[in-house]
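**Student:** Attaching a single structure in structure tokens format; questions to follow.
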Amino acid sequence: MGLFEDFSQFLETRLEEFVRNNPQLELQALEEQLREQEETTLQLRADLQLQDKRLQEEILATAQEIQRWHIRIDKAKAAGRTDLVQPAQEREAALLRQGNQLWGQMQGLKERKKQAEELQRKIQLRRQEIQTKIAQLQAEQSKARTEQSWQSTAWNQNTTYNSFGQPDPLEAQFKRWETEEELNQLKRNMGQ
């Protein structure tokens, strides 16, 4: 086991070095994690929305049942059916308790929905920050590569100018000047 642990530690150290030397990979991994968290949060919000809809339907159905039993209680009282009034009142009370529980669940659900929305907003902001950092890093790397390429190109250029067969203008100027100098020298030598 010692050899395996040593090898595992070696690989982990190498991976950490690699990530430190390639910060864009670390940022991309972080961005991927945030994307997955955002998807999970979106799914959670969709689930909470479904639960909210079901709870609202249950609350509405319970309220309708309460109303129905309240009408029955009034009918039983008006008809003098005291044998039905008490059980109907107990049923109505049970439905009211159930309705209160459902209402409490809906309030808790609304709070969870609010927290999920806030979490999603934070994840989106963090993702945008990471994407901006990735873009900046890529721009910096591109600029560094361009500068390095320019420097190596300038360093490796031949002394003769030959861009696609075009004559070197500086070379031409020097040849003209040197020819004029030689001609002037010849004139001076002949004039002596």
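**Student:** Do we find a residue being of a type in the set (D, E, K, R), part of a helix (DSSP H, G or I) and in contact with a Gly (Cβ under 9 Å, 6 or more places away or on another chain) anywhere in the range 114-124?
**Tutor:** Looking for residues that are of a type in the set (D, E, K, R), part of a helix (DSSP H, G or I) and in contact with a Gly (Cβ under 9 Å, 6 or more places away or on another chain), one finds none in the range 114-124, hence no.
Yes/no matrix, rows are residues, columns are (1) under 30 Å from LEU109 (Cβ atoms); (2) in contact (Cβ under 8 Å) with a residue 40 or more places away in the chain; (3) surrounded by 11 or more Cβ atoms within 10 Å (Cβ to Cβ); (4) more than 51 Å from the chain's Cα centre (by Cα):
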{"position": "GLU17", "(1), (2), (3), (4)": "no, no, no, no"}
{"position": "ASN21", "(1), (2), (3), (4)": "no, no, no, no"}
{"position": "GLN56", "(1), (2), (3), (4)": "yes, yes, yes, no"}
{"position": "ALA63", "(1), (2), (3), (4)": "yes, no, yes, no"}
{"position": "ALA88", "(1), (2), (3), (4)": "no, no, yes, yes"}
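**Student:** Just give me the residues in the range 121-141 being under 16 Å from ASN22 (Cβ atoms), of a type in the set (Val, Ile, Thr) and open to solvent by 60 Å² or more (accessible area, probe 1.4 Å), in sequence order.
**Tutor:** none
**Student:** If you check GLN124, GLN107, GLN98, GLN89, which single one turns out to be at pLDDT 85 or above and within 22 Å of GLN37 (Cβ to Cβ)?
**Tutor:** Just one listed residue meets the conditions, GLN124.
**Student:** Turning to a different aspect of this structure: Among the numbered criteria (1) without any contact (Cβ under 8 Å) to a residue 40 or more places away in the chain; (2) farther than 26 Å from ILE123 by Cα; (3) surrounded by 12 or more Cβ atoms within 10 Å (Cβ to Cβ), which single criterion is violated by ARG97?
**Tutor:** (3)
The values are calculated or read from the model by the stated rules, or taken from the named source; none is laboratory data. Small disclaimer: the values here were computed from a predicted structure and weren't measured. With ideal geometry, Cβ positions are generated from the backbone for all residues, glycine too; neighbour counts draw on all protein chains shown. In case anyone asks, the SASA skips ligands and DNA or RNA and just uses the protein heavy atoms, side chains included. Shrake-Rupley method; radii C 1.70, N 1.55, O 1.52, S 1.80 Å.
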